[in-house]
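For reference, the structure is listed below as structure tokens.
The values are calculated or read from the model by the stated rules, or taken from the named source; none is laboratory data. All values derive from a computational prediction rather than experimental measurement. Cβ placement follows ideal geometry from the backbone for every residue including glycine, while neighbour counts extend to all protein chains displayed.
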Amino acid sequence: GGTSDIPVADEAYYTAKFLGNNVERVYDVGVAGIHRLLNKKHILQSARVVIAVAGMEGALPSVVGGLVDVPVIAVPTSVGYGANFGGLSALLTMLNSCASGISVVNIDNGFGAGYLASMINKLD
């Protein structure tokens, strides 16, 4: 996610790591700096599941979903300004994504995302 999403992304990271997963963090890759996301495409495409954390307009999971062929767990965050409505705008954007394979957890639910990612990783 973006820099302001780090606390929620860290919650997902530590949850998945505590549950025994190999986890790699990729930060400051929001859609406003999409070149940074594309520079990390090889990491995303080697993953078994991706957690995309985003506030503001919440578009990051849709972009990631178009780049990978694995499940994407979308986590809206309550950061943002203007018409963010405490994360509601990001949540609605993620729920309305046209990219396939996206699952959405509740606003600021890094724990839920990390737990779900761990469950996906343990499937055979």
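Observations
- Residues in the range 62-86 that are among the small types (Gly, Ala, Ser) and outside any loop (DSSP other than H, G, I, E, B): 62, 65, 66, 74, 86.
- Annotation: residue 58 fulfils all but one of (1) closer than 17 Å to residue 116 by Cα; (2) of a type outside the set (Lys, Arg); (3) buried (at least 16 other Cβ atoms within 10 Å of the Cβ); the unmet one is (1).
- Any chance residue 46 is buried (at least 19 other Cβ atoms within 10 Å of the Cβ), hydroxyl-bearing (Ser, Thr, Tyr) and modelled with pLDDT of 95 or more: no
- Answer residue from the range 1-46, given it is among the charged types (D, E, K, R) and part of a helix (DSSP H, G or I) and is farthest from residue 94 (Cα to Cα) among those: 17
- Pick from the range 90-124, criterion under 18 Å from residue 44 (Cα atoms) and of a type in the set (Ser, Thr, Tyr), ranking: surrounded by the most Cβ atoms within 10 Å (Cβ to Cβ): 118
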